[in-house]
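Asks: Sharing a structure with you now.
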Amino acid sequence: MVLLPLLQAAYAGAQDAQAAAADGGAKSTGVMEWALDNVVIIIGAMVIVGGFAAITYVNNMLLQIQKIRLLQEMGIEALEEVKLISRESWFKRIYKRMTRVVPVDKEKDVMFHHEYDGIRELDNVLPPWWVALFYITIGIAVIYIGYYHVFGKGMTSTQAYEYEVKEAEQAVNAYLATRADQVDENTVEALTDPSQVALGQSIFQNKCTPCHGPDGGGNTIGPNLTDQYWIHGGGIKNVFRTIKYGVPEKGMISWQTQLTASDMQKVASFVWSLQGSTPTDPKAPQGDLWQPETTAAQAENVAQDTTAAAPNN
């Protein structure tokens, strides 16, 4: 509980220093900027490492004092052993402290007398790797709490969720954009979105007006696109097919090398939306009168309606 206020004070001081440097102080280097941005982690790591070292040192000193007292009680000759212990390095003493595991053949000496369901407890030290991981997890927990919950530097679970949702939406939109170019004359459908039809109109005005006129009424080259007569069949699928493959014998080029499938769908949808419009100077009808194909179910419904409407004689 004492560590977190200290970290907050240190972080506030670092922010003030960074602001002062930005206002008129000397320009900080990249290392200094990184240190200011990560001051919480740096101070936290220093406090954890220093605290662990201090606790270990004090614990080791208490053990040494206890050993000295025991050796003094054993006699003057034991003082030589005390001198040998005092000459050992700090690292070696720590290593001995962490690896003082009792051998298996001497486990009876450190076994408690109480028993539970035939199981007796062994008072042995934990493995060094386990103890090290335990202290590391404590340090990670302190840094995690300071970084996410005290200073709010990291994303919360809600923010992470919203970020992932946005990424997923972008991926879906990218996938749908690629799927739009997979349309062909067998799967194409007329677009009804005004913005998509408007895009098709802009493409039509840029590429098709020399032959079909700005309003689709036709001219000396291209036919009228606003009536119900079609040379190569009406309907969105036939219009798309004509745009895609062209009519080379009549001078209409194939647009599949210059327009994507989605763009051809937009142009075909705009052309089909011209049905029933009134161009300024329409060209005379060409081709055959086209009517939508009637499915079997539609024909059956029409027959039933006709029968029901017939008078009873």
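Asks: Under 10 Å from the Cβ of Phe112, count the other residues' Cβ atoms, weight Lys and Arg +1, Asp and Glu -1, and hand me the total. Before the final figure, lay out the partial values.
Replies: Details: positive: Arg120; negative: Glu115, Glu121, Asp123.
Taking every Cβ under 10 Å from that of Phe112, the sum is -2.
Asks: Another one. Extension gain Thr137-Lys166, at 0.36 nm per residue separation less the Cα-Cα distance, in nm? Before the final figure, lay out each step's value.
Replies: Numbers: separation 29, 0.36 × 29 = 10.44 nm, distance 3.26 nm.
Extra length from Thr137 to Lys166 when fully extended: 7.2 nm.
Asks: Give the separation of the Cα centroids, the range 169-201 to the range 123-150, in Å.
Replies: Using only Cα atoms to place each centre, the spacing works out to 54 Å.
Asks: Quick one: if you stick a label point 7 Å off each Cα along the C-beta vector at Ala284 and Tyr245, how many nm between them?
Replies: 2.9
Asks: Do me a favour and compute the ellipsoid semi-axes for the range 194-294 from its Cα gyration tensor, root of five times each eigenvalue, largest one first, whole Å. Please report the intermediate quantities before stating the final value.
Replies: Details: eigenvalues 66, 46, 44 Å².
Sorted largest first and rounded, they come to 18, 15, 15 Å.
Asks: Now a separate question. For Thr187 and Ile55, calculate 0.36 nm times their separation in residues minus their Cα-Cα distance, and state this gained length in nm to one decimal. Provide the component values of the computation, followed by the final result.
Replies: Values: separation 132, 0.36 × 132 = 47.52 nm, distance 7.48 nm.
Taking Thr187 through Ile55 to full extension adds about 40.0 nm, to one decimal.
Asks: Determine, from the Cβ-Cβ distance of Asn124 and Ile94 and an R0 of 22 Å, the FRET efficiency 1/(1 + (r/R0)^6), rounded to the nearest 0.05.
Replies: 0.75
Asks: Another one. Please compute the modelled spin-label separation between Ala45 and His232, points set 7 Å along Cα→Cβ, answer in nm with one decimal.
Replies: It is 6.9 nm.
Asks: All other residues with a Cβ under 13 Å from the Cβ of Pro282 taken together, and with Lys, Arg as +1 and Asp, Glu as -1, what is their net charge? Walk me through the numbers before you get to the answer.
Replies: On the way: positive: Lys283; negative: Asp215, Asp227, Asp281.
Charge balance near Pro282 sits at -2.
Asks: Work out, step by step, the length gained on full extension between Thr257 and Asp105: first 0.36 nm times the residue separation, then minus their alpha carbon distance; give nm to one decimal. Kindly include the intermediate steps, with their values, before the conclusion.
Replies: On the way: separation 152, 0.36 × 152 = 54.72 nm, distance 8.50 nm.
Contour length minus Cα-Cα distance gives 46.2 nm.
All of the numbers you see were taken from the coordinates with simple rules; none came from a lab. Computed from a predicted structure; not experimentally measured. In this analysis, Cβ positions are derived from the backbone assuming ideal geometry, glycine residues included, and neighbour counts consider all displayed protein chains.
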